[in-house]
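Before any comments, here is the structure.
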Amino acid sequence: MTFPEAFVEVLCRFHSDHNPLLLRFGGLPLARGLRPFRFEAAWIDHHDYGALVKNSWHFPNITASLNNVKENSIIFNKEVFGNIFQRKKHIENRLKGIQNYLERVDSARHSLLEKELQKEYNHILFQEEMFWFQKSRENAQTIIRRKRIHRLQLPCGNWTSDSDTLQDEAQKYFKSFFTGNQPTYDRSFNDGPHPTIDTEGKTALTAPITKPEVFAALNSMKPYKAPGPDGFHCIFFKQYWHIVGDDIF
């Protein structure tokens, strides 16, 4: 747990009949690109974010709409939502100043302001709770993924531990794996006997997929599971299904 990326490498034998073992504590250096976009669940709690999603979701293509939401969310986070911890510290300082003032002066206006700030402070605490809960899920998944591959044998037979090559080869493998040509099957059950499937079952299996079915499948998913390649968690599609649902379906 102290060195989650540590691993042992078996080196070649040179001057002895034993293989030297090299213990690396920090793992191999990784070539990292730009930090990917991640949807922040705390944005949902802001009263302006729903309007942002609605105004951004106007392209006929889903990918284009998601990219538009992503770009506007980045601006929203920087210019409107701000840093949760800085806002929390600011409210704490204001509350402290007002409470010190109320110890000396009985002021109805300042008492009302104190209540408003406490309400805003509780709101920020809720957003912070959402932030840490989402972060804890991501960190747990990161720890699981840390058991990473350090060397690969390329199709040509050579071994490599180069970070860029490892990432390229892994990407090529999974692209090939998930885009292979698969045969298309007819959904009709009219040909041949099916003794275990009755008429009602055949009708259910061949019936068109409905929007409520898709929504039910969406609701069965955990809201904070790992996001897709676009950076959006399941909770985004649950929360704004009334906006994105028709296009997703």
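The values are calculated or read from the model by the stated rules, or taken from the named source; none is laboratory data. Here the structure is a predicted model, which is why all the values come from computation and not from measurement. As a convention, Cβ positions derive from the backbone with ideal geometry for all residues, glycine included, and neighbour counts pool all protein chains shown.
The residue of the stretch 85-125 that is surrounded by the most Cβ atoms within 10 Å (Cβ to Cβ), among those that are without any contact (Cβ under 8 Å) to a residue 40 or more places away in the chain, basic (Lys, Arg) and touching a helix residue (DSSP H, G or I) at 6+ places or on another chain (Cβ under 7 Å), is 87. Tell me, yes or no, whether the stretch 22-42 has at least one residue that is basic (Lys, Arg), surrounded by fewer than 15 Cβ atoms within 10 Å (Cβ to Cβ), without any contact (Cβ under 8 Å) to a residue 12 or more places away in the chain and within 21 Å of residue 124 (Cα to Cα). Within the stretch 22-42 (the criterion being basic (Lys, Arg), surrounded by fewer than 15 Cβ atoms within 10 Å (Cβ to Cβ), without any contact (Cβ under 8 Å) to a residue 12 or more places away in the chain and within 21 Å of residue 124 (Cα to Cα)), the answer is no, since none of the residues qualifies. Note on the stretch 155-181: residues that are surrounded by 10 or more Cβ atoms within 10 Å (Cβ to Cβ), part of a loop (DSSP other than H, G, I, E, B) and of a type in the set (A, V, I, L, M, F, W, C) total 0. Assessment of the stretch 71-78 against the conditions (surrounded by 12 or more Cβ atoms within 10 Å (Cβ to Cβ), hydrophobic (A, V, I, L, M, F, W, C) and in contact (Cβ under 8 Å) with a residue 40 or more places away in the chain) yields no matching residue. Filtered by the rule that a residue be in a loop (DSSP other than H, G, I, E, B), more than 15 Å from residue 242 (Cα to Cα) and among the hydrophobic types (A, V, I, L, M, F, W, C), the stretch 56-70 gives a lone residue, 59. The criterion of at least 1 residues that are under 18 Å from residue 52 (Cβ atoms) and touching a residue at least 60 places away in the same chain (Cβ under 8 Å) is met by the following helices (runs of 4 or more DSSP H) wholly inside the stretch 198-249: 234-239, 241-248.
For the stretch 126-156, a residue qualifies if it is modelled with pLDDT of 85 or more and in contact with a helix residue (DSSP H, G or I) (Cβ under 7 Å, 6 or more places away or on another chain), and the qualifying residues are 126, 127, 128, 130, 131, 152, 154. Screening residue 39 against (1) within 15 Å of residue 130 (Cα to Cα); (2) among the hydrophobic types (A, V, I, L, M, F, W, C); (3) assigned to a helix (DSSP H, G or I) leaves a single unmet condition, (3).
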